[in-house]
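What follows is a single structure, written as C-alpha cells, with notes after it.
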Ligand SMILES: NC(=O)c1ccc[n+]([C@@H]2O[C@H](COP(=O)([O-])OP(=O)(O)OC[C@H]3O[C@@H](n4cnc5c(N)ncnc54)[C@H](OP(=O)(O)O)[C@@H]3O)[C@@H](O)[C@H]2O)c1
C-alpha cells in the first residue's frame, strides 16, 4: 500500500481492546502521539499509565488534560525520563522495577532535528532515538518477563517501538563506513537532513536483529509501529515547506495515536514485525530492510551497538 493511499484513504481502527488491570509506560507522553495514545489507554481502563517525560511540568499538564477528558482520576503518573541522559534512562528503569507489574511499554519519544549536537558522546538524534530507546527496552525486559510469570493468564507483555515510514526515505550511506556510529558522530560528515529517517531505519534494523538473536520463546512481544504522517510537534524545526506538506497530507494526532494503541494491544503475531495502520505488514518495510544488504546492515549495527550498551550498563545483554 502506497504512502499517499494510506494517508488519504485508510484510517486505523478506533481501539477498543480493554487494558483493564494493566500498567503501561508511554515515553514522550506530554504531547503529540504519546499524549493521545495515553488518553486512549486511560479510556480503555488501563490501571496505571506512566507518562514518561523529560519536562515534568508539561507531564503534569498532560495528566490534567487526560483526566479532564476521560473522567478517570489517579490513573496517570508522571515520571521523569530524559533519553539524552543514560543516567536518567537507568534511574527511570530502576524505578519501574519497583512497580507491582508492567504490561506494556510504548517507546514513542523521539526527536527530529536539523542541528548537529552531542549527547552522551553521540549525535543527539542517535542517542535519543536509537541508543537510549534500545537501552530502555532492554532494561525493562526483566520487569515485563516477571509480570508474564506472575500473571500467566494475562496478555503477553508488549513493547511497541514507534518507528516511521521515513525509514525507507534514506539511503543511509553511513552503514558502509567502517564504524557506523563513529561516522554518524562526525560533525564534518553529518547529513542532518537525513538523520531522523536514518535513526528510524536503525531502530528497525536493530529491533529485527534483537528479536532474531533472542529467537527463543520470548514471553513478551516486541513490535514496531508506523503511525503514518500525523500532526504533532515533531517537525517543528523542519521549516515551512514540510509544514505545508503536512497541512495537506497529515492525519490528526488522535488518528495517528490509534496505531500506537493497536500496536500495544497486538499479540504474538506482531512479534518482531512492522505494523502499519494498526496491522502487521512486513511487506511495507523498505526494500533495503528486506534485502540481504539490509540483513548485513542489521548485523553490523547490532555488533556495534552491543559494546556501546555494555559500556553504559555492563551485563545488560543478559536481559535478552
Ligand atoms: N508525527 C508524525 O508524523 C510521525 C510519523 C512517523 C513517526 N512518528 C514518531 O512518533 C513518535 C512521536 O512523535 P510525535 O509526532 O508525537 O512528536 P512530538 O509531538 O514532537 O513528541 C515527541 C515526544 O518525545 C519527547 N522527547 C523528545 N526528546 C526527548 C528526550 N530526550 N527524552 C524524553 N522524551 C523526549 C518530547 O518531549 P518534549 O515535549 O519535552 O520535547 C515529546 O513528548 C516519534 O517516535 C516519532 O518519530 C511521528
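Nothing in this text is a laboratory measurement; each read-out follows from the coordinates by a stated rule. Because the structure is a prediction, the values reported are computed rather than measured. Neighbour counts run over all protein chains shown; Cβ positions are idealised from the backbone, glycine included.
Quick look at the values:
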item: Gaussian network model of the chain, Cα within-10 Å springs - most flexible of 156, 64, 145; result: 64
item: Residue 213-residue 98 pseudo-label distance in nm [points 7 Å out on the Cα-to-Cβ vector]; result: 3.1 nm
item: Relative contact order %, the chain, counting alpha carbon pairs below 8 Å whose residues are six or more apart; result: 21 percent
item: Segment residue 317-residue 283, extension gain: residue separation times 0.36 nm, minus the distance between their alpha carbons; result: 9.3 nm
item: Extension gain from residue 188 to residue 20, taking 0.36 nm per residue of separation minus the Cα-Cα distance; result: 55.4 nm
item: Most fluctuating residue given options 288, 172, 242, as computed from a GNM of the chain linking Cα atoms under 10 Å; result: 242
item: Among 208, 101, 290: highest mean-square fluctuation, GNM of the chain, C-alpha pairs under 10 Å; result: 290
item: Gyration tensor verdict on the stretch 169-320 (Cα atoms; rounded if a/c is under 1.5, prolate if a/b is larger than b/c, oblate otherwise); result: oblate
item: Helix-only [θ]222 nm of the chain, DSSP H runs n ≥ 4, -39500 (n - 2.57) each, per residue, nearest 500; result: -14000 deg cm²/dmol
item: Added length on full extension, which subtracts the Cα-Cα distance from 0.36 nm per residue, residue 254 to residue 179; result: 23.1 nm
item: Theoretical FRET efficiency, 1/(1+(r/R0)^6), r = Cβ-Cβ of residue 118 and residue 293, R0 35 Å, to 0.05; result: 0.75
item: Projected label distance in nm at residue 64 and residue 13, using a 7 Å step from Cα toward the beta-carbon; result: 3.7 nm
item: Shape category assigned to the stretch 1-92 from the gyration tensor of Cα positions, a/c cut at 1.5; result: oblate
